[in-house]
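Following: one structure in structure tokens, then a few remarks.
The values are calculated or read from the model by the stated rules, or taken from the named source; none is laboratory data. Here the structure is a predicted model, which means the values were calculated and not measured. In this analysis, Cβ positions are derived from the backbone assuming ideal geometry, glycine residues included, and neighbour counts consider all displayed protein chains. We work out accessible area using only protein heavy atoms, side chains counted, and drop any ligands, DNA or RNA first. Shrake-Rupley method; radii C 1.70, N 1.55, O 1.52, S 1.80 Å.
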Amino acid sequence: MEPRRRDTRLRTLDPPPRGGEGRAGASATGRAVVIEPALRRPAAHAAASERTPAARLDEAVGLARAIDLDVAQSGIAMLNGMRPATYLGKGKVEEFAGIIKTLDVGIVVMDCALSPVQQRNLERAWNAKVLDRTGLILEIFGRRARTREGALQVEHAHLTYQKSRLVRSWTHLERQRGGFGFLGGPGETQLEADRRLIEERLAKIETELVKVKRTRELHRESRRRVPYPIVALVGYTNAGKSTLFNRMTRASVLSADMLFSTLDPTLRAVDLAHGARMILSDTVGFISDLPTMLVAAFRATLEEVIEADVILHVRDVSHEDAEAQLYDVEKILRELGIDPGNGADARRVLIEVWNKIDRLDAAARSRLENLVERRPAAERPVLVSASTGEGIDALAAAVEARLAAGRAVIELVLDAADGAGVSWLHRHTEVMRKVVDEETGRIAMTVRTDPDKAKAIRERFTAPSPLVGEGGDCLLYTSPSPRDRQK
């Protein structure tokens, strides 16, 4: 299958569907028009990571449909410059007002950041509800949140956004008299009352979020005591993270061809080929121009990424904006304090997963395979198809190898009667080899573990055997007999 292609022609507004109907089966959220404002500028000034207006419009339409909006029309508005009052020029505002009235739509999505004054003026001119990009993403997050923590984080971000949207449009509700006597001015206006209520609610949510963060930290601490390594999935929204998560964990997390189909973080245990166990975490998808307030609100959730031992950056290589999506994800990772491009630690932690290779034709696939081979071994991506399962074993092996880097390899010889010791090693280490001597009954084992747990192994299984001694990071330890342990 060839990569997805889109019509890149710039248009003011696409013609409405036949009969004025939107896509079949849409819910009754409302009919909407999606507008992509684009400033005219020379192509030489466009950055390589910058999307075309057509690409941004397609994404905006996808965001609108993620909350079941019936998109009646969508289009690009080419601008020479931004107007402080309405963002669009006067002629564009009047043109769209006619289209909105003709189509009888109640919602207009402007894929840009609008100031409160611009939003109010456009709503008055069009007699319709106007959503900017931040408001649209907040609406999606509000619908996707399922856990108590997710709902609190979304509400906090939404109230922070709404607080700045309180413009002076409720003067008819202000109290007529404040203070004493006839000279007292107006009392608390509806605007001030709304702002006070929002601030009180924000303070309460922040207190609850502190408790949530403390609880999440306790959960992390309990995992550290086990400990199982954490592997976090990150990537652009709709890159296939949840499908990959389901494939690797055999879980049933919601996965759909939809932007932000997953919001709340999900964690599952996964057993690797050599017996090691890891915790796989599915996190919220990233998107270009992600509102700063959302990054701040979801800081506690995204700390799962910060604490991860390995980060799997899932990319949709069949998407023609894959490079621009890479830039957006790396930008957010840097905001979280993770450098995806420089430093030995970043290269050790991050693994790129090039997903959806089943959508590529033979030529595109061969080109990607050649690109992978040219990369250094430490930076080599893994080609997978989460929907078909192709490449999942190679990905698991790459994760296992990355987790094993820096871990101690210890060789032990245990007494035949030390069943408790063998069981302890199986529970607390990764058993790579186990051989029983037929003559003596002793059990030779090779295990791999974290450096901090190697100390516990040395304490439990006495000193190195004088017959073999120590060599590098591979040690031979002999288990004492149960009788010696009782002494």
Where a Cα-Cα gap under 22 Å defines reach, which lysines qualify for Lys129, not counting those fewer than 8 residues away within the same chain?
Lys90, Lys92, Lys101, Lys163
Long-range amide H contacts for Ala77: which residues qualify at under 5 Å (H placed 1.01 Å from N, peptide plane, sequence gap of 5 or more or a different chain)?
Glu36, Ala38
Segment 309-438: translational diffusion in µm²/s, Stokes-Einstein, Kirkwood Rh over Cα pairs, 10 °C, 1.306 mPa s:
90 µm²/s
Solvent-accessible surface (1.4 angstrom probe) belonging to Ser387, in square angstrom, nearest 10
70 Å²
Would you list Ser423, Ser288 from the most to the least accessible area, probe 1.4 Å?
Ser423, Ser288
Taking 0.36 nm per intervening residue step and subtracting the Cα-Cα distance, what contour gain separates Glu208 from Ala193 on full extension?
3.1 nm
Taking segment 115-159 on its own, what percent of its Cα-Cα pair distances exceed 14 Å?
55 percent
By how many nm would the segment from Ala405 to Arg334 grow when fully extended, if each residue of separation counts as 0.36 nm and the alpha-carbon distance is taken off?
23.2 nm
How big is the C-alpha Rg of segment 68-145 next to the rule-of-thumb value 2.2 N^0.38 Å, as a ratio?
1.10
HN-Hα couplings for segment 84-95 via Karplus (6.51, -1.76, 1.60; θ = phi - 60°), in whole Hz with x for Gly/Pro, come out as x, 7, 10, 6, 8, x, 4, x, 5, 4, 5, 4
May I ask for the distance between the Cα centers of segment 138-161 and segment 315-333, given as a whole number of Å?
25 Å
Where does each of Glu439, Glu323 land when they are ordered by accessible area, with a 1.4 Å probe and the largest first?
Glu439, Glu323
Output ³J(HN,Hα) for segment 361-366: one whole-Hz value per residue in order, computed from phi by the Karplus curve 6.51 cos²θ - 1.76 cosθ + 1.60 with θ = phi - 60°, and x for Gly and Pro.
7, 4, 5, 5, 5, 4
So if we plug the beta-carbon distance of Arg277 and Glu50 into 1/(1 + (r/R0)^6) with R0 = 51 Å, what FRET efficiency do we get, rounded to 0.05?
0.75
For Val435 and Val117, calculate 0.36 nm times their separation in residues minus their Cα-Cα distance, and state this gained length in nm to one decimal.
107.0 nm
